[in-house]
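Notes for the one structure printed next.
The values are calculated or read from the model by the stated rules, or taken from the named source; none is laboratory data. All values derive from a computational prediction rather than experimental measurement. For neighbour counting, all protein chains shown are included, and Cβ atoms are generated from backbone atoms with ideal geometry for every residue, glycine included.
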């Protein structure tokens, strides 16, 4: 498919250092207008929008259960891989590809592929 002027361009943005993440605990990151939750679960890094669409709950402070982040306000559970609401797949939050950038002699960075315009 050809590029259209209205299509967002994606670029890898550094969010934090890998050693700042705690297993199964969220880290809130605000960067370039994005409010994100970053999670390390079973060795994989996930980056999602931080705000629950139900009532605006802070997802980075929620609990990880069965591959989902559970909103601390009303227990809505969103799949870490897809952002889909477990009980209603038509509702979702944004997810972003994540990677680790290893740099010799420097801390490993967590990066996300975020849209820029």
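Taken over segment 39-63, residues that are under 18 Å from residue 88 (Cβ atoms), in contact (Cβ under 8 Å) with a residue 24 or more places away in the chain and out of contact with any helix residue (DSSP H, G or I) (no Cβ under 8 Å at 6 or more places or on another chain) amount to 3.
Selection of segment 88-116 for residues being more than 20 Å from residue 29 (Cβ to Cβ) and loosely packed, with under 13 Cβ neighbours inside 10 Å yields 88, 89, 90, 104, 105. Once segment 64-87 is narrowed to residues that are in contact (Cβ under 8 Å) with a residue 24 or more places away in the chain, within 15 Å of residue 25 (Cβ to Cβ) and part of a strand (DSSP E or B), the residue that is nearest to the chain's Cα centre (by Cα) is 69. Counting residues in segment 91-114 that are free of Cβ contacts under 8 Å to residues at least 24 places away in the same chain and on the phi > 0 side of the Ramachandran plot gives one or more.
Name the single residue, out of those in segment 23-57 being touching a strand residue (DSSP E or B) at 6+ places or on another chain (Cβ under 7 Å), modelled with pLDDT under 95 and outside any strand (DSSP E or B), that is surrounded by the fewest Cβ atoms within 10 Å (Cβ to Cβ). That would be 32. Residue count for segment 88-104 under the criterion of being more than 21 Å from residue 58 (Cβ to Cβ) and assigned to a strand (DSSP E or B): the result is 7. Residues in segment 105-117 that are closer than 22 Å to residue 11 by Cα and either in contact with a strand residue (DSSP E or B) (Cβ under 8 Å, 6 or more places away or on another chain) or assigned to a loop (DSSP other than H, G, I, E, B) (or both): 107, 108, 109, 110, 111, 112, 113, 114, 115, 116, 117.
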